[in-house]
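J.: Shown below is the structure under consideration.
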Amino acid sequence: MSNDPPRRLAFIELAPGVLPRHALAYLFAAFVSIGLFAYLSAMTPFILNVNLSLPEAQHGRASGLLQGWQEIIILLVIGWWGALSDRIGRRPVYVCGFLLISLAYLLYPLADSLPELIAYRVVFGCAVAALGAMLATVLADYPLESSRGKLSGVSFFLNALGSVVFLLGLTQLPKVFAAAGASQLDAGRYAFFTISAVALVAAFVMLGLKPGPPTGSRARKPMLALVREGLRAARNPRIVLAYGGGFISRADMSLITLFLALWAAQSAVQEGLTAAQAAGRVGITIGVTQLTAMVWAPFYGWLADHMNRTVHFAGAFALALIGYGWVGMQDDIVATAAIPALIMLGVGQSSTVLAATILLGQEAPREVRGSVFGLQAFFGGLGILAISWAGGLLYDHVAPSAPFTLVAAANGAIALWAAWVYLRSRSAQTGKAA
């Protein structure tokens, strides 16, 4: 282990060897990453309308297909990204992820067919796998245990703030470029190229992360051995619970950026707005949930340092049950009456991701932490794949609100599971005391 004394970044105590500038570089990644993930999904209805001229009745299936291919790629590579980071360090994986996502944003608006769009979504999926694995893993590496909830709260605050900037601000770019005289097609391309440049800047900033493999990692072990060790860690029932939470919480996030975006876009077009104006409406709708998440995340992260983290986890999924269930009861998601439900949706969505990350950070063995978080992200990819397939069918054949009702029930099931794990552990502790 490093002999360097622990440092602080404001009120956050950092792990030995982690400097404030390392943590600041990570927090910049936290600010831009989720916005980069969400922006592409939020703008996909624009691409389907303008680039592909796809009939609206096919948008649900097409969006689900694109998301499905993205998640297949994530499932194939995310565990390897995590294991690779245990061998060569987090920094090169982070840099590579941002370079790949920059390339994806450069290519995506050039597509003029669905197969071409799928190919570029595959590149995007490789990038999301790398960045998603590193977001959670570095968050586990950098704080002392006493500050894990605090750093997580700040990180998720920045996740949400970045999403607000991207979804409330940068989704207006096509409208801005169109007002300046660009065609609808060119306006969309200029917007995507702008986001590509942002990702390129982020790759450069990641050079400020802590260099080298993580402290205590066994860098000379083959990656397959590290993955197997990550699987063996699942003997801990709280790690298994965190994997289950990852499955549902990632599906929660996908539901917002995929089907909430599509629902808002179609409602806007039905009101007579142009594709560029509809993209702005999508940003505002999703922005409400992300603005709420931004405000809520620091409090829920702070709460994790002051209560049992399995109870904290159960409460998060109970909140998500309420939020997703409430949205599932809406008739018009862009109506003013839907705003309270969208606010509760933001509370639930941020709580589940935060709680799953904090619980796994507490329980994961340090020497295979990258592999463990990579596997959680793998299960999260399975969750997104499941909701992309089932949600697409429900969206097109039942109602736009139907996928939200389905995910509400899934969140309720995870909350019950967490309560059972907590009660079982309490019972075992009582038995030992007796």
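The numbers here are math on the coordinates, done by the rules we state, and not lab data. From a predicted model like this one, the values you see are computed outputs, not experimental measurements. Here Cβ is always computed from backbone atoms with ideal geometry, including for glycine, and neighbour counts include all displayed protein chains.
J.: So what's the Cα pair-distance distribution over region 61-186, bin width 10 Å, in %?
T.: Going out from 0 Å in 10 Å bins, region 61-186 shows 12, 30, 36, 17, 5, 0 percent.
J.: Can you sort Arg232, Arg121 by how many other beta carbons sit within 10 Å, fewest first?
T.: Listed from fewest to most nearby Cβ atoms, that is Arg232, Arg121.
J.: Tabulate in residue order the Karplus-calculated ³J(HN,Hα) for region 79-87, using 6.51 cos²θ - 1.76 cosθ + 1.60 with θ = phi - 60°, rounded to whole Hz; enter x for Gly and Pro.
T.: Values per residue, Gly and Pro as x: x, 6, 4, x, 5, 4, 5, 6, 8 Hz.
J.: Using R₀ = 60 Å, calculate the FRET efficiency as 1/(1 + (r/R₀)^6) where r is the Cβ-Cβ separation of Ala180 and Arg424; round to 0.05.
T.: 0.45
J.: While we're on this one: Please list, in order along region 330-343, the HN-Hα scalar couplings obtained from phi with the Karplus expression 6.51 cos²θ - 1.76 cosθ + 1.60 (θ = phi - 60°), rounded to whole Hz, x for Gly and Pro.
T.: 3J(HN,Hα) across region 330-343, in whole Hz: 7, 8, 9, 6, 9, 6, 4, 5, 7, 4, x, 5, 5, 5.
J.: Now for a separate question. Taking only Cα atoms, what is the 0 to 90° angle, nearest 10, from helix 20-50's long axis to the longest principal axis of the chain?
T.: So the helix axis and the longest Cα principal axis differ by about 30 degrees.
J.: Mind giving me the FRET efficiency for Ile284 and Ala337? R0 is 22 Å, r the Cβ-Cβ distance, nearest 0.05 is fine.
T.: Calculated value: 0.90.
J.: Could you point to the label whose value was computed as Cα extents along the principal axes in Å for the structure here, given (1) 67, 44, 39; (2) 84, 81, 39; (3) 68, 61, 42?
T.: (1)
J.: Next question. For the chain, what relative contact order do you get, as a whole percent, if you take Cα pairs closer than 8 Å and at least 6 residues apart?
T.: 26
J.: Additional query: Across region 70-119, what fraction of all alpha-carbon pairs, as a whole percent, falls in each successive 5 Å bin from zero upward?
T.: 4, 18, 19, 23, 17, 10, 6, 2
J.: Based only on other Cβ atoms within 10 Å, what is the fewest-to-most ordering of Met206, Met43?
T.: Fewest to most other Cβ atoms nearby, the residues stand as Met206, Met43.
J.: Run the quick spin-label model on Thr405 and Thr194: label points 7 Å from Cα toward the beta carbon, then report their separation in nm to one decimal.
T.: Taking the two extended label points, one gets 3.9 nm.
J.: Rounded to the nearest 10 degrees, what's the angle between the helix 261-270 long axis and the longest principal axis of the chain, both from Cα atoms, 0 to 90?
T.: That works out to roughly 20 degrees.
J.: Multiply the residue gap between Met307 and Leu416 by 0.36 nm, knock off their C-alpha separation, and tell me the result in nm, one decimal place.
T.: 37.4 nm
J.: May I pose another question? Quick one: 3J(HN,Hα) in Hz for region 231-243, Karplus 6.51/-1.76/1.60 with θ = phi - 60°, rounded, Gly and Pro as x.
T.: Along region 231-243, the couplings run 5, 5, 5, 6, 5, 6, x, 6, 5, 4, 4, 5, 5 Hz.
J.: Return Cys126, Cys96 ranked ascending by Cβ neighbour count within 10 Å, so the fewest neighbours appear first.
T.: Least crowded to most crowded, the residues run Cys96, Cys126.
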